[in-house]
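The values are calculated or read from the model by the stated rules, or taken from the named source; none is laboratory data. The shown structure was predicted, so the numbers you read here are calculated from the model rather than taken from an experiment. Heads up, the Cβs are rebuilt from the backbone with ideal geometry, glycines too, and the neighbour counts pull from every protein chain shown.
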Amino acid sequence: MIDLYYWPTPNGHKISIMLEECDLSYNTIPVRIGEGDQFAPDFLKIAPNNRMPAIVDRDTGVSVFEGGAILIYLAEKAGMFLPTAMQQRFEVLQWLFWQAGGLGPMAGQLSHFVNYTREAMPYAHKRYADEYDRLLAVMDVRLRDREFLAGEYSIADIASFPWVLPYKRLGNDLDKFVNLRRWFDALKQRPAVRKGVDLGKDWKRAERQSDSARSIIFGQNSQTVFDAAE
């Protein structure tokens, strides 16, 4: 049994999709990021960066934080979605790191300026919208001659899908990315992907727009970390 510390965001969806794809038994523990659950002492022992997702594998006693590391752990545990042959393995890993270092952070910053800022910031909005657009094009070109990012379906696809999913809300249009659209539609039809994305969709999300939630989520600095460590 795996304890999944989770909230329904793209980073959370990476892990819920993976658990469903691998048919691994898990227990979902909500981390209400708008209420400060990520600063609870017990959670910080598992995830010192005060971010979800995180897991605790009750079978092995191993805890893991950071989405990419969790995906690798689960892939190795289940023997799925991460090849063992060196060349194929690094095809997957480089696209996993590409998502963690590029697609996720850029889409996340764009989402902040689209969904949460209360004043117009045209330069910041355009900066991240353009970069998100560029990264979608990188995926589209990559998918011209292969079905999935690393050839076979893998943790690279599982990590990337949740950050493509909100493309409309982020102001983009997949119809101009023919290959990415094909990939996106194929993943969206997978039962495990649908179940993973649906996990927690009925949980309260409005709290993230309240003043207290905004302060907790977006008002963090070094003092926040020091205070939580006390």
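A few points about this structure:
- Selection from the stretch 137-165 of residues that are assigned to a loop (DSSP other than H, G, I, E, B) and either free of Cβ contacts under 8 Å to residues at least 12 places away in the same chain or not assigned by TED's automatic domain parsing to the domain that holds residue 109 (or both): 146
- From the list 195, 168, the lone residue that is over 25 Å from residue 219 (Cα atoms), in a loop (DSSP other than H, G, I, E, B), basic (Lys, Arg) and out of contact with any Pro (no Cβ under 8 Å at 6 or more places or on another chain) is 168.
- Among residues of the stretch 3-17 being touching an Asp or Glu at 6+ places or on another chain (Cβ under 9 Å) and not in a strand (DSSP E or B), the one that is farthest from residue 59 (Cα to Cα) is 8.
- Within the stretch 34-54, being under 18 Å from residue 162 (Cα atoms) and either of a type in the set (Val, Ile, Thr) or outside any loop (DSSP other than H, G, I, E, B) (or both) holds for one residue alone: 54.
- Filter result for residue 113 (part of a helix (DSSP H, G or I) and closer than 22 Å to residue 161 by Cα): yes
- Counted residues, the stretch 131-141 - those being crowded, with 18+ Cβ neighbours inside 10 Å and of a type outside the set (A, V, I, L, M): 3
- Neighbours by Cβ (under 8 Å, 6+ apart or cross-chain): first from the stretch 115-127, under 15 Å from residue 210 (Cβ atoms); second assigned to a loop (DSSP other than H, G, I, E, B): 115/169
- Screening residue 59 on (1) assigned to a helix (DSSP H, G or I); (2) out of contact with any Pro (no Cβ under 6 Å at 6 or more places or on another chain) shows it passes everything except condition (1).
- The sole residue among 24, 19, 71, 96 that is modelled with pLDDT of 95 or more, within 25 Å of residue 187 (Cβ to Cβ) and assigned by TED's automatic domain parsing to the domain that holds residue 128 is 96.
- Any pair with Cβ under 8 angstrom, 6 or more apart, that starts in the stretch 27-40 at a residue that is assigned by TED's automatic domain parsing to the domain that holds residue 8 and modelled with pLDDT of 95 or more and ends at one that is hydrophobic (A, V, I, L, M, F, W, C) and surrounded by fewer than 16 Cβ atoms within 10 Å (Cβ to Cβ): 27/1; 30/203
- Residue in the stretch 96-130 that is surrounded by the fewest Cβ atoms within 10 Å (Cβ to Cβ), counting only those that are aromatic (Phe, Trp, Tyr) and under 21 Å from residue 140 (Cα atoms): 97
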